[in-house]
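Chemist: Structure incoming, see below.
The values are calculated or read from the model by the stated rules, or taken from the named source; none is laboratory data. Small disclaimer: the values here were computed from a predicted structure and weren't measured. So basically every Cβ, Gly included, is an ideal-geometry build from the backbone, and we count neighbours across all protein chains shown.
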Amino acid sequence: MSAVPPAEPAALSEPGASPTPGFPPAASPPPPQPTNVVDADEAAIARAVELLRAGEVVAFPTETVYGLGADAGRAEAVRKIFAAKGRPVDHPVIVHLHQAVELANWTRGVPVGAQKLAHSFWPGPLTLVLPRAVNVSDAVTGGQDTVGIRVPSHPVARALLAEFGGGIAAPSANRFGRISPTTAQHVAEDLGDSVSIILDGGPCAVGIESTIIAFADDEPMLLRPGAIGAADLERVLGRALRVPTSAAPRAPGTLAAHYAPKTAATLVPPGALHAELEQLAERDEAIAVLARTVTRPPEFSDAWIDAPTDPAAYAHDLYANLRALDHANADAILIEAVPAGDEWLAIRDRLERATRGEDDDRD
Ligand code: TXA
Ligand code: MG
């Protein structure tokens, strides 16, 4: 995708706001709003800052997905994130900063290319993996010699960072191996009471995780495609990005099945979707479909979502759509494959991970 949607939530329609013909009513009414979900007003942000200072974890919105944050300067606080997520402790987390000038506290030597990217795309959905400063704890870096840094643009994340005055370590606020949350309710669904406050800033504008570029050896490498497209990054860098090989710096988020729904999901080319549905119907299987251009057959009565046709809106709704289809308790999820262009790269990446087999590693 080349266009970065604005930071404010609600710039795009809410998932589910578009008509979803054939989507059956939920089996049970939605659970009541948990008490730890609070509107992200000034008082709630002040409370979250107090909790961060006390070494606790808080969930907060960013323009990409919700994050589960802790004081990045305190290893014991960062370890609580891993406990809440059920994530292995040697996986690195991104440090969120209010401003790029704070880079000096967390990194040693920022390559010119990284400076250019920071200048052009921060605040925004870009993470830079850079050589770490000596004082950065292994709890943050997973014991690696690099640290991932991001300056987010979401107003709530910015207010939280400004008032906290330090780095906030935050992975996506989902259980290990599950889909990233793009609403406060998703966070509550995954993490429940294990987090004392979930700041509700509405649905995330981007909807998929940040683009990650590593500069471990001065050579820019794309570790994870995201909202900021490779072509835009290359234009600013004035050179081509390398793409990962097996020797690339470890990024557990790039392991297979990282973004997987519980129901087995399969990618199907648009031209084959109707035939596939007919076959599964013969076997009496309940199917949940994420379509984009293919129309719902009149006789189809299971869960069906028409995803937006443009990449930014598709990404915005993607994880909410996958969660909704997962909740349909179908035997299988079929996902209409998306186009091959660069603007769909990050979405193809997430869809491919969502449709990998059960035996793959999960982060
Ligand atoms: O959009 C995002 O990046 C969201 C929001 C909350 O900022 N965060 C996020 O964090 O997606 P997480 O932990 O779910 O994914 C970050 C990815 C992981 O795959 C992690 O391994 C990788 O970034 N990462 C972090 N630090 C790294 C490092 N020093 N070297 C290589 N990979 C790193
Ligand atoms: Mg994650």
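Chemist: Quick check on region 72-86: of everything there that is assigned to a loop (DSSP other than H, G, I, E, B) and surrounded by fewer than 24 Cβ atoms within 10 Å (Cβ to Cβ), which residue is nearest to ligand 2 (Cβ to nearest atom)? Reasoning before the result, please.
Modeler: Within region 72-86, the subset assigned to a loop (DSSP other than H, G, I, E, B) is 72-74, 86.
Still in the list and also surrounded by fewer than 24 Cβ atoms within 10 Å (Cβ to Cβ): 73-74, 86.
Values: Gly73: 22, Arg74: 21, Gly86: 12 Å.
For region 72-86, the residue satisfying everything is Gly86.
Chemist: Quick one: how many residues across region 181-194 are within 14 Å of Gly69 (Cα to Cα) and within 15 Å of ligand 2 (Cβ to nearest atom)?
Modeler: Result for region 181-194: 3.
Chemist: Could you tell me which residue of region 52-71 is farthest from the chain's Cα centre (by Cα), considering only residues that are crowded, with 18+ Cβ neighbours inside 10 Å and of a type in the set (Gly, Ala, Ser)? Can you show your working first?
Modeler: Kept after step one, since they are crowded, with 18+ Cβ neighbours inside 10 Å, are these residues of region 52-71: 52, 57-71.
Filter once more, keeping what is of a type in the set (Gly, Ala, Ser): 59, 67, 69-70.
Details: Ala59: 13, Gly67: 9, Gly69: 14, Ala70: 18 Å.
Applying the filter and picking the extreme gives Ala70.
Chemist: Could I ask something else about it? Output the residue which, of all residues in region 250-300 that are modelled with pLDDT under 85 and in a helix (DSSP H, G or I), is farthest from ligand 2 (Cβ to nearest atom).
Modeler: Residue satisfying both the conditions and the ranking: Thr254.
Chemist: Same structure, new question: Give me a count of the residues in region 194-249 that are among the small types (Gly, Ala, Ser) and not in a loop (DSSP other than H, G, I, E, B). Lay out the reasoning, then the answer.
Modeler: At the first step, the residues of region 194-249 found to be among the small types (Gly, Ala, Ser) are 194, 196, 201-202, 205, 207, 210, 214, 216, 226-227, 229-231, 238, 240, 246-248.
Applying the additional criterion that residues be not in a loop (DSSP other than H, G, I, E, B) yields 194, 214, 230-231.
So the count comes out to 4.
Chemist: Right, another one. Of the residues in region 91-140, how many are more than 10 Å from ligand 1 (Cβ to nearest atom) and of a type outside the set (Gly, Ala, Ser)?
Modeler: 23
Chemist: For the structure I just gave you, tell me whether Leu237 is modelled with pLDDT under 95 and of a type in the set (A, V, I, L, M).
Modeler: So Leu237 fails the test.
Chemist: For Glu209, indicate whether it is within 15 Å of ligand 1 (Cβ to nearest atom) and either in contact with a Lys or Arg (Cβ under 9 Å, 6 or more places away or on another chain) or farther than 28 Å from Val58 by Cβ (or both).
Modeler: It is true that Glu209 is within 15 Å of ligand 1 (Cβ to nearest atom) and either in contact with a Lys or Arg (Cβ under 9 Å, 6 or more places away or on another chain) or farther than 28 Å from Val58 by Cβ (or both).
Chemist: Looking for something more than 16 Å from ligand 2 (Cβ to nearest atom), crowded, with 22+ Cβ neighbours inside 10 Å and within 22 Å of Pro34 (Cβ to Cβ) - is there at least one such residue anywhere in region 204-216?
Modeler: No; the residues of region 204-216 include none that is more than 16 Å from ligand 2 (Cβ to nearest atom), crowded, with 22+ Cβ neighbours inside 10 Å and within 22 Å of Pro34 (Cβ to Cβ).
Chemist: Need the failing condition index for Ala170 against (1) out of contact with any strand residue (DSSP E or B) (no Cβ under 9 Å at 6 or more places or on another chain); (2) under 20 Å from Ala46 (Cα atoms); (3) surrounded by 24 or more Cβ atoms within 10 Å (Cβ to Cβ), just the number.
Modeler: (1)
Chemist: Mind listing just one residue for me: the one in region 217-230 that is touching a residue at least 24 places away in the same chain (Cβ under 8 Å) and more than 27 Å from Ile179 (Cβ to Cβ) and, of those, surrounded by the most Cβ atoms within 10 Å (Cβ to Cβ)?
Modeler: Only one residue fits best here, namely Pro220.
Chemist: Conditions first: (1) crowded, with 24+ Cβ neighbours inside 10 Å; (2) within 13 Å of ligand 2 (Cβ to nearest atom); (3) more than 21 Å from Ala114 (Cα to Cα). Arg175 passes all but one, so which condition is the exception?
Modeler: (1)
Chemist: Now a separate question. Any chance you could count how many residues in region 87-102 are within 15 Å of ligand 2 (Cβ to nearest atom) and not in a loop (DSSP other than H, G, I, E, B)?
Modeler: 3
Chemist: Being in contact with a strand residue (DSSP E or B) (Cβ under 7 Å, 6 or more places away or on another chain) and more than 25 Å from Phe82 (Cα to Cα) is the filter here; which residues of region 116-146 pass it?
Modeler: Answer for region 116-146, where residues must be in contact with a strand residue (DSSP E or B) (Cβ under 7 Å, 6 or more places away or on another chain) and more than 25 Å from Phe82 (Cα to Cα): Leu117, Ala118.
Chemist: Still on this model: What is the residue count in region 116-167 for residues that are of a type in the set (Lys, Arg), more than 16 Å from ligand 2 (Cβ to nearest atom) and crowded, with 20+ Cβ neighbours inside 10 Å?
Modeler: The qualifying residues number 1.
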